[in-house]
Amino acid sequence: MTKYARDEFDRVPETPTRQGVHRAAAESRRRSLGPILAVGAAALVIGLVAFLFLPKLGFNPAGNSAAVTAEQPAGSPTASPAPSATSTAQASQRATGSATPSGSASPTATPDDAVDKTQPVTVYNASGTPGLAGRVSTRVAADGWTPGPLGNWTGAPQTGSVIFYDGPEQKANAEALASLLGIQALVDSAEFNMPLVVVLGPGFQ
């Protein structure tokens, strides 16, 4: 027992509740953080929904389009390396080799000593112009060739003029005739059993 008299500070409740400044401050902070956390969660949900559903609805973020524009314009062709001289020459050679159809050849200059004008030249008229075969045969004979049979063409309808030659040994003769008559198409064929056959198609002059 103390010798001092009791006062109101000595009255302590039997079940006191612990209180203090630090607990009041902690409760105040918890109450202030609640709205901030709620706003943050709502913003997160909105951002997730926008990320997942807006592209499907046709909305593109402005940042993506800007990135595409900065890197490369949409649809612009990419630069391709310039072809080297070797590859250009090879491509030109391949194109030259495949330019002539397999069944025909354009007339080329033929040496005179390779041409045998003693071979008879048969002329068929498939143009529908009367007397054309005779006129062409006369022209061929005037150039030194041996005239062969004349007649109207009875085969399949022709769309142009053609010279048929029988075997490689007659190719030089066919080229010389083609140069004389201005006929481009040459065909190697043994169907006629004649060395040289000229078929005059529509439009022959």
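Only the coordinates and a few stated rules stand behind these numbers; no lab work does. In this text the structure is predicted, and so the values were computed from the model without any measurement.
Quick one: which residues, 5 or more positions from Ala185 or on another chain, have an amide H under 5 Å from its amide H? H modelled 1.01 Å from N in the peptide plane, none for Pro or chain starts.
Ile163
Between Thr146 and residues 5 or more places away or on another chain, which pairs have amide H atoms under 5 Å apart, with H built 1.01 Å from N, and which residues are they?
When sequence neighbours closer than 5 places are left aside, the close amide H contacts are Gln119, Val121.
Taking H as built 1.01 Å from N, whose amide H comes closer than 5 Å to the amide H of Tyr124, not counting residues under 5 places away?
For Tyr124, the qualifying residues are Val198, Val199, Leu200.
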